[in-house]
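**Student:** Structure provided below as structure tokens; questions to follow.
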Amino acid sequence: MGLFGRSGRDGRRGEERAEPKLFSDRRSSWRRGGPSRFGEPRSPRPAVFTVLSWIMTLGLWGMLVAAAVVGYAFLSLDKQGLFKIPEREPGMILLADDGNVLAERGSFFGDEVRLDELPSFVPQAVIAIEDRRFYQHFGVDFLGLLRAGFANLQAGRVVEGGSTITQQLAKNLFLQPDRTIERKFQEMILAFWLESKFSKDEILQLYLNRVYYGAGAVGIERAAQRFFSRSARDVNLAQAAILAAVLKAPSAYNPINHPDRATARARLVISGMVEAGFITQSEADRSATLKTAVKVSSYLPATQYIVDYVSEQLPDLIGKYDQSIVVETTIDRKLQTAAERSVRRHLEREGAKLNATQAAVVTMNGLGDIKAMVGGRSYAKSQFNRAVKAKRQPGSAFKAFVYLTAIEQGATPESIEVDEPVQIGDWSPENYRRQYLGPVSLTRALALSLNTVAAKVAQAAGPPNVAATAKRLGILSPLQANASIALGTSEVTLLELASAHVPFSNGGFAVIPHVVSRVTTRDGKVLYQRHGGGPGKVVGLYELGAMNTMLREVVANGTARRAALPGHDVAGKTGTSQDYRDAWYIGYSAQFLTAVWVGNDDNSPTKKVTGGSIPAAIWIDIMRPLHASLPSEPLPGDYRPPYGAGAEVPMAERERYGGGYDGGGGGGGGGFFEALENLFGGRARSAPRREPIYPDSEMYGEGPYPLTEAQRRERLRQRREMLDQLD
């Protein structure tokens, strides 16, 4: 036909032309059950092969997905830097001033207990209930997982876990308690890593020392101490079973709150130990008679307030520390115990009926060393340290700074001021019981805590000057320099109020209160050593003597007579804020000072608790035994009354004030003739009674204070001349 003709076979082939095939018809006929290459029919493919094919395909894809997930989990763990055992919190041991251990925090010696120090049944109890195949698997127990899965499937809920001890340790050391697939894979990877790095015994020791047992106890040693008041080295079999029992759910099986649950699960632990061959049945039976009573104590020593206070100061003293340290403190253990007991005793006896629920104490020496500190009634119930953090109105306990300012401006303890109703702007201060005594000396006014006189003195001296005096002596809190500063309306802490009164006891030197004297590492390297003193001299000897004359009278015949310390020269000042919300007493000898606050955290009023009641009683409980073996030392200062020792004795007549105070004569006079009375034992009635003449009276031609510096120097010169003439 031509070149492109379509006839015969070629034409038919063109009509049947199709796409080329990748496989021959032989394969297709085999798959379809068609004829074989030899012309024989093929039998159908068995179903089992089809199923196996699908299983292999799914298995392959599952392995790929698992590998991807594991790879992702591994990389995420590596980026987080989790492939190392986290260090325990550096431990801290606090030593008292005599070198004995005062308190501990953290893990000073690393893990509290070693595995070989424990009775064999202690780790065996944990293995029996938590991971019986612990020594057979390599971090993950696949048989245990299958067994747990089957048990949970039968129960229709989760009744058994498949995590090994190694996995639990990995979770506790490295991971958050999230219930996610990613976290489970991370847990398994970390378990394999732990098994590759540590021996089984090392893993078990880490586990026992790092897991949480409930009731605030981390580690088996702390748990044994918390539950049984003994070391984990000394627990019996029944107690070991309880310790192992709580691990499943520390809150649910806590033997303190749920003793029945803990005991029931402990029986399962004992049965598991028998099944595992760790103990015999007879030993299990005997364990039922062993002592397992949990010793519960809500008491935590008040030294924990000191531990917290020291911990807050350490960053400023040594910076961040990454190793265990020894902190040498200024605390006197016996004094600390006495202060703590006194606070508890008085609040238990008198607190309820007087609506006083809290108290705080600070005791210091003349160098600013804190010898005792109680931050509250119970550290277990409240960790808030009221001695250093609570700011409250000091009330009349602030008056020492008012009168010191006046003394420095030329007043004397014998200066006369009229106790009468007073109006300063819109403010009208009132006395206790609203009684007024007329002309009184400044000594008597301070001893009886007369508010009107204090307000007049502060106004004359200048509220800004009073605030400056208080800050010079050690008050750090902001002060409102207005008329009411005389009555302590600006809030301060107990610690700063105490430290600001120390200059009255140590010769006029301001101090920086401190509790840390030295910090060393465990091997003795010195990280901090306290050097130097405080800001220096802030009160002159004359002014110091005048103030101690006045503050001594507060104890002898004033509002703090309950704080008298026979055989020792002591002084102090009481204070009560508005509506009896705060009661204070700050008292001192030449060796020590103790400050006490009593009140309520919610600032609610007490039932007329004054500084001379519970605070003074706590003060005497602390200071009496402290001074029992100390020699009597006079309070510092260089002050002599202008007319001799008997010239103006503000409390000489011991007139009853307000039904509760022994006061002096209403006129506050005396002078030369009162000195004769004291000397010869009778009143010189033929001599006219008159007020003494003082260097700050109008006869010297000078007005009321504040004085200029020149006036002050002149007044001091006149006083010196008068004293020289009397000598």
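**Student:** Scan Leu446, Leu497, Leu479 and give me the residue that is closer than 24 Å to Asp582 by Cα and either part of a loop (DSSP other than H, G, I, E, B) or without any contact (Cβ under 8 Å) to a residue 60 or more places away in the chain (or both).
**Tutor:** Checking each option against the conditions leaves just Leu479.
**Student:** Counting only residues that are surrounded by 13 or more Cβ atoms within 10 Å (Cβ to Cβ) and not in a helix (DSSP H, G or I), which one in segment 289-305 is modelled with the lowest pLDDT?
**Tutor:** This residue is Val296.
**Student:** Filter segment 422-452 down to residues that are of a type outside the set (Ser, Thr, Tyr), surrounded by 23 or more Cβ atoms within 10 Å (Cβ to Cβ) and either closer than 18 Å to Gly612 by Cβ or within 40 Å of the chain's Cα centre (by Cα) (or both), then give me how many there are. Talk me through it step by step, then tell me what you get.
**Tutor:** Looking only at segment 422-452, we keep the residues that are of a type outside the set (Ser, Thr, Tyr), and these are 422-427, 429-431, 433-435, 437-440, 442, 444-448, 450-451.
Those still in the list that are surrounded by 23 or more Cβ atoms within 10 Å (Cβ to Cβ) too: 437, 440, 442, 444-448, 450.
Now restrict to residues that are either closer than 18 Å to Gly612 by Cβ or within 40 Å of the chain's Cα centre (by Cα) (or both): 444-448, 450.
Residues in segment 422-452 being of a type outside the set (Ser, Thr, Tyr), surrounded by 23 or more Cβ atoms within 10 Å (Cβ to Cβ) and either closer than 18 Å to Gly612 by Cβ or within 40 Å of the chain's Cα centre (by Cα) (or both): 6 in total.
**Student:** Let me ask something additional. If the requirement is being under 30 Å from Gln167 (Cα atoms) and of a type in the set (S, T, N, Q), which of these qualifies: Gln313, Gln358, Gln323, Gln336?
**Tutor:** Step by step, each of Gln313, Gln358, Gln323, Gln336 is checked, and only Gln323 is under 30 Å from Gln167 (Cα atoms) and of a type in the set (S, T, N, Q).
**Student:** Separate question: Quick check on my filter: what residues within segment 244-266 are in a helix (DSSP H, G or I) and surrounded by fewer than 16 Cβ atoms within 10 Å (Cβ to Cβ)?
**Tutor:** Of everything in segment 244-266, those that are in a helix (DSSP H, G or I) and surrounded by fewer than 16 Cβ atoms within 10 Å (Cβ to Cβ) turn out to be Asp260, Ala264.
**Student:** Given the criterion in a loop (DSSP other than H, G, I, E, B), farther than 18 Å from Ala500 by Cβ and modelled with pLDDT under 95, identify the matching residue among Pro605, Pro641.
**Tutor:** None of the others qualify; the one that does is Pro641.
The values are calculated or read from the model by the stated rules, or taken from the named source; none is laboratory data. No experiment lies behind these values; they were computed from the predicted model shown. Positions of Cβ are generated from backbone atoms using ideal geometry, with glycine treated the same way; all protein chains shown enter the neighbour counts.
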